[in-house]
Amino acid sequence: MISMADKIMKRISASGNGTWVCTPSDFLDIGSREAVDQALSRLAKAGRLRRVGRGLYEEPRMSGVLNRPAPVDLDAAIAAIARRDGIRVMPDGMAAANQLGLTNAVPAKPCYVTDGASRSIEIDGRTLRFRHASPGVMRWAGKAAAPVFQALRWLGPAAASDDRVASILRRRLPDAVKRDLVRNSRDLPGWAQPLARSIATDEAVAS
């Protein structure tokens, strides 16, 4: 009979890219919560899994560049928290603007917006902040243009009169993101709607 620990490791290995972060809830279809918790604890003690946060585990990886354990993939950790808690999560506006090349500012601690409760979570020695956001903000969760929406909200109305913003986004955004931005432009602030249309070329928004 295959042990619970082996079933867990088989599922983790099947995740593919080696950076999957899992929680006990990811295995409740193969055993009770108590059995899953015990197996995860044994696997962590044996070094086959690494505990990166409360109820969060990953398969240990080495960084070939640094020759030491690789840090947890934060995106994978966020996805695990969202699955576990049944919430939606997006990066906050400053982080989104930085990723899009619209600012050099970087938050002191990784910040996210969520439709869950505001709180801080420790992940692999880092503190992640989650801030509850309104339904109007969270309706963008999962959409391709969500980072653009968040970045524009953070930049504010001055972005509409700054030609550099449109130029950078026009150059950097894939056509699929441009299409999604225009498709959902009615959910943008009024000042950002003309900007969204100016970012997308006729070719980009064509169906």
Check your understanding: Just for segment 21-63: of the residues that are part of a loop (DSSP other than H, G, I, E, B) and small (Gly, Ala, Ser), which one is nearest to Ser3 (Cα to Cα)?
Key -> Gly31
Exercise for review: Would you please name the residue that is surrounded by the most Cβ atoms within 10 Å (Cβ to Cβ), looking only at residues in segment 125-143 that are out of contact with any Pro (no Cβ under 8 Å at 6 or more places or on another chain) and of a type in the set (A, V, I, L, M)?
Suggested key: Ala133
Study note, to complete from the structure: Of the residues in segment 64-115 that are in a helix (DSSP H, G or I) and in contact with a Pro (Cβ under 7 Å, 6 or more places away or on another chain), the one that is surrounded by the fewest Cβ atoms within 10 Å (Cβ to Cβ) is Gln99
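No value in this document is a laboratory result; all are computed from the given coordinates. All values derive from a computational prediction rather than experimental measurement. Quick reminder, even Gly has a Cβ in these numbers, built from the backbone with ideal geometry, and neighbours come from all protein chains shown.
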